[in-house]
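Here is the structure we will look at, set down as structure tokens.
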Amino acid sequence: MRALRRPVTALVHHPLALEGGRSAEQAAAVAATERAALATAAAVVATSPATARALAADYGVPAHRLTVALPGTDPLPPAVGTGAVPTILTVATITPRKGHGTLVAALDRIRDHSWRAVFVGDDGRDPACAAALRREIAERGLTERIALTGAVTPLALLDHYLDADLFALVSTHEGYGMAFAEALSAGLPIIAGDGGAVRDTVPADAGLLVPPGDVEATAAALARLLDDPALRKRTAAAARRAGAALPTWDDTAAAVEAALAPLLAKAS
């Protein structure tokens, strides 16, 4: 690869090789191109400690070129729920990595409980995945209980957070988890897939973590929170505390500025 005239900074949310829906060969090819690209970067900004660890261990990025800059979170009012049937909210693009199919299968196992689910997120990123999800919901007879909204406006998304009682997202991998941060800010108890940076983002007392792809564990976690109002109250309070401590976008900008400052000084 030819030398670059000016220093390049790479911003990495998570390696694309970890995106779901690829074969092992495809993932390896993507990883190779990413490794080559990162080798040219004078500085690399990762959006979580977990991503930084992966870049150091699997991509050979040296520590002195790595900076962690957590994304900022805009504070949200506390969620109040609907006061009726408990609402389980998921906010994620409909792609294989986000684990919607696992969540649907888990919800099917607790169909004897009182709940409704709302899946908010872009359904145009992977049309085949979205179509498969709709078929699965229909085949399980859950069309009346699980709503898919597609992409929504920021104001509508806020309403969904405020109307929810629980937040569930069982991704196979997260580079940070912006939706988790928003759910924490709203004080929602969380059921999360324990993949990638989720442990960095969701404190242990703010929800229940399950192995990615584990339908039975996801169903058990959902049932536990639905059946135990006291546990929901404790995890909601812990989530709200954690949300209040999340970095602002000013904090994020300061971290990125610190990463860029040495490069700018050399260029001047």
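What to note about this one:
- Listed by first and then second residue, the pairs with beta-carbon distance under 8 Å, at least 6 apart or on different chains, first residue in the stretch 95-117 and among the polar types (S, T, N, Q), second assigned to a loop (DSSP other than H, G, I, E, B) and buried (at least 18 other Cβ atoms within 10 Å of the Cβ), are Thr95/Asp126; Thr102/Val170; Thr102/Pro212; Ser114/Pro86.
- For the stretch 28-71, a residue qualifies if it is within 18 Å of Leu260 (Cα to Cα) and assigned to a loop (DSSP other than H, G, I, E, B), and the qualifying residues are Thr40, Ala41, Ala42, Thr47, Ser48, Val61, Pro62, Ala69, Leu70, Pro71.
- Qualifying residue in the stretch 49-64 (condition: loosely packed, with under 15 Cβ neighbours inside 10 Å and at positive phi): yes
- The residues on offer are Asp194, Asp205, Asp228, and the sole one that is at pLDDT below 95 and surrounded by fewer than 20 Cβ atoms within 10 Å (Cβ to Cβ) is Asp194.
- Scanning the stretch 93-121 for residues that are surrounded by fewer than 22 Cβ atoms within 10 Å (Cβ to Cβ), touching a strand residue (DSSP E or B) at 6+ places or on another chain (Cβ under 7 Å) and in a loop (DSSP other than H, G, I, E, B) turns up just one, Trp115.
The values are calculated or read from the model by the stated rules, or taken from the named source; none is laboratory data. Every value quoted in this text rests on a predicted model; they were computed, and no experiment measured them. Positions of Cβ are backbone-derived with ideal geometry, glycine not excepted, and every protein chain shown enters the neighbour counts.
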